[in-house]
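For reference, the structure discussed in these notes is given below.
The values are calculated or read from the model by the stated rules, or taken from the named source; none is laboratory data. Worth saying up front: this structure is predicted, and the values here are computed from it rather than measured. So basically every Cβ, Gly included, is an ideal-geometry build from the backbone, and we count neighbours across all protein chains shown.
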Amino acid sequence: MTSAVLNRLPVDRTTKKKLSKAGQKTADEILSAAEKLFTLKGFKGTTLKEVSEECGANTALISYYFGGKEGLRDAVFQKHVDNAGSGFAKLFKTEVSTFDRERLKGLISFFLQQGHEDDTMFRLVLWSMIDAGDLSDRMTQMIWQPFFDRLRDILVHVSGGALSPANAEVRVWLMMQSVHGYIQCRWHSANHMKFIDNNETFFNNYRNLIVEDVIDSVLRA
């Protein structure tokens with residue numbers, strides 16, 4: 001199911017062209033510049049001229065390699081979906097019936113660790129919600145709804161049927177709000193609160209709190 005979900009996303013347009021080494025290098029530089037600006041200013045707030053100035057490539061090359069701003073935006077997002085692919089694979093390729101409490105905790109711990117190491121996906125998602133529009137709608141339909149539906153089914157199973165699908169869905173939102181809060185706190189720490197002592201100890205404790213206490217509470221009927 002993962003591949004079906006991920007394959008519905010826009011493809012990376014750089015793969016559609018046979019590029020020289022120099023061409024691939026330029027395309028990669030454009031992609032990196034766009035990623036930096038999109039995470040800082042959002043999709044709507046970034047212009048192709050700014051991307052061009054950031055990487056030193058002519059705006060015409062952006063259209064050539066990516067088909068314009070929308071294609072560039074899709075390629076940046078696709079790159080990070082691909083990076084998160086192993087997490088989606090764990091979620092979708094594992095039979096619901098094989099999940100137990102510990103396996104669920106392991107899955108959530110995996111996503112927490114990914115968010116801890118790289119918050120780019122978090123910021124892209126946040127900007128897509130702020131900007132709204134077609135990307136946000138597409139993300140909901142292609143990734144987030146299947147993601148939440150799958151977690152809902154897992155919660156129902158792990159609870160032994162004590163949670164109804166409707167009840168489990170609410171609890172999935174509560175559980176993922178905890179994950180969202182963790183990544184947001186991590187982002188603020190990395191960018192604004194570098195003075196905190198024992199930073200890594202704090203975040204290890206924070207992750208353990210979510211994995212142990214929050215998930216146990218969510219599963220409590």
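Looking at (1) at pLDDT below 80; (2) buried (at least 16 other Cβ atoms within 10 Å of the Cβ), can you tell me which one ALA33 breaks?
Every condition holds for ALA33 apart from (1).
I'd like the full set of residues that are more than 25 Å from the chain's Cα centre (by Cα) and either of a type in the set (Asp, Glu) or over 23 Å from ARG123 (Cα atoms) (or both), limited to the range 26-67. Break it down into steps so the answer makes sense when it comes.
Of all residues in the range 26-67, those more than 25 Å from the chain's Cα centre (by Cα) come to 26, 49, 52-53, 56-61, 63-64.
Those that are more than 25 Å from the chain's Cα centre (by Cα) and either of a type in the set (Asp, Glu) or over 23 Å from ARG123 (Cα atoms) (or both): THR26, GLU53, GLY56, ALA57, ASN58, THR59, ALA60, LEU61, SER63, TYR64.
What do you reckon, is THR47 among the hydroxyl-bearing types (Ser, Thr, Tyr), free of Cβ contacts under 8 Å to residues at least 24 places away in the same chain and surrounded by 15 or more Cβ atoms within 10 Å (Cβ to Cβ)? Spell out the reasoning first.
Values: among the hydroxyl-bearing types (Ser, Thr, Tyr): yes; free of Cβ contacts under 8 Å to residues at least 24 places away in the same chain: yes; surrounded by 15 or more Cβ atoms within 10 Å (Cβ to Cβ): no.
Answer is no for this residue.
Would you be able to say whether some residue in the range 157-174 is modelled with pLDDT under 85, of a type outside the set (Asp, Glu) and not in a helix (DSSP H, G or I)?
Step one: filter the range 157-174 for residues modelled with pLDDT under 85, giving none.
Scanning the range 157-174, I find no residue that is modelled with pLDDT under 85, of a type outside the set (Asp, Glu) and not in a helix (DSSP H, G or I), so the answer is no.
Among all residue pairs at least 6 apart or on different chains, which show Cβ distances below 7 Å where the first residue, located in the range 149-175, is farther than 17 Å from SER217 by Cβ and the second is in a helix (DSSP H, G or I)?
Within 7 Å, the pairs are ARG150/LEU91; ARG150/PHE92; ASP153/VAL96; HIS157/VAL96; HIS157/SER97; PRO165/ARG152; PRO165/VAL156.
Mind telling me which of the residues TRP144, TRP127 ends up being at pLDDT below 90 and surrounded by 18 or more Cβ atoms within 10 Å (Cβ to Cβ)?
Values: TRP144 fails: surrounded by 18 or more Cβ atoms within 10 Å (Cβ to Cβ).
The unique qualifying residue is TRP127.
Restricting the first residue to the range 27-42 and requiring it to be farther than 12 Å from ALA57 by Cα, which pairs with a second residue that is aliphatic (A, V, I, L, M) and modelled with pLDDT of 90 or more meet a Cβ separation below 7 Å and a spacing of at least six or different chains?
Sorted first by the residue in the range 27-42, then by its partner, the pairs are LEU37/VAL51.
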